[in-house]
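Single-structure report; data block below.
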Amino acid sequence: WYGFLWDLRWMIVFGIFLVIGDFWFGISESKYKKREVVWSNARSKTLIKGVDYLCYITIGIALGKSIAQPYGLDPLIVATTMLLICYMFELNSIYKHICTLHDIDPKYVEFMNILNQIKSIRESRKS
């Protein structure tokens with residue numbers, strides 16, 4: 001386990017930065033919209049996200065060792081892929097906070113929609 005955690009150390013650090021960034025931009029968005037910031041709720045949600053990411057890392061390592069390793073795949077690839085998917089949702093949350101701060105309606109410029117459009121463009125070029 002410790003070897004996997006050491007190999008995933010940069011993903012863990014990136015996750016910590018994402019959680020802190022989401023906390024920061026969430027507080028900034030609340031202040032921008034002149035909503036009352038309830039610090040106990042903000043801290044508890046941030047702590048819960050941190051624990052969630054630790055669970056994702058653990059599940060990713062377990063899935064990598066139990067599913068990928070018997071088939072000759074590198075377990076780190078499964079764990080890293082799982083973390084990247086989770087981080088994509090966190091980046092989407094940060095992106096929505098930034099859109100709100102700049103008075104852009106985030107439903108028109110959603111991160112997942114942009115990825116789907118890029119995927120459809122790539123598929124249309126292959127045909």
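What the table shows:
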read-out: Among Ile59, Ser30, Ile48 - extreme Cα towards positive end, dipole of the chain, charges at beta-carbon; value: Ser30
read-out: Within-15-Å neighbourhood charge of Val37 [Cβ basis; K, R +1; D, E -1]; value: +3
read-out: Per-bin percent of Cα-Cα distances, the chain [5 Å]; value: 2, 10, 16, 16, 15, 15, 12, 8, 4, 2, 0
read-out: Estimated vicinal HN-Hα couplings, Hz - segment 65-77 in sequence order (Karplus 6.51, -1.76, 1.60; Gly, Pro = x); value: 6, 8, 9, 6, 4, x, 8, x, 8, 6, x, 5, 5
read-out: Selection from Gln69, Gly21, Thr80 lying farthest towards where the dipole of the chain points positive, charges on Cβ; value: Gly21
read-out: Cleavage-rule hits, trypsin sites (Lys or Arg not before Pro), segment 1-81, DSSP coil, Cβ neighbours within 10 Å at most 14; value: Lys33, Lys34, Arg35
read-out: Rounded percent of accessible protein surface that carbon and sulfur make up, segment 1-123, 1.4 Å probe; value: 68 percent
read-out: Under Karplus coefficients 6.51, -1.76 and 1.60, residue-wise ³J(HN,Hα) of segment 11-22 in Hz, glycine/proline x; value: 5, 5, 4, 4, x, 4, 5, 5, 5, 5, x, 5
read-out: Inter-label distance, nm, simple model (7 Å from Cα along the C-beta direction), Glu123/Asp7; value: 3.2 nm
read-out: Efficiency of FRET between Ile16 and Ala62 - r from beta-carbon atoms, R0 22 angstrom, step 0.05; value: 0.55
read-out: For segment 91-99, 3J(HN,Hα) per residue [Karplus equation, 6.51 cos²θ - 1.76 cosθ + 1.60, θ = phi - 60°, Hz, x = Gly/Pro]; value: 4, 5, 5, 5, 4, 5, 4, 5, 4
read-out: For the chain, size of Cβ-based charge dipole, Lys and Arg +1, Asp and Glu -1, in debye; value: 180 debye
read-out: Stretch gain in nm, segment Leu54-Glu36, where the contour uses 0.36 nm per residue and the Cα spacing is subtracted; value: 3.5 nm
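The values are calculated or read from the model by the stated rules, or taken from the named source; none is laboratory data. These figures come from a predicted structure and were not determined experimentally. Cβ coordinates were reconstructed from backbone atoms using ideal geometry, including for glycine residues, and neighbour counts include every protein chain displayed. Heads up: the accessible areas ignore ligands, DNA and RNA and are worked out on the full protein's heavy atoms, side chains in. Shrake-Rupley method; radii C 1.70, N 1.55, O 1.52, S 1.80 Å.
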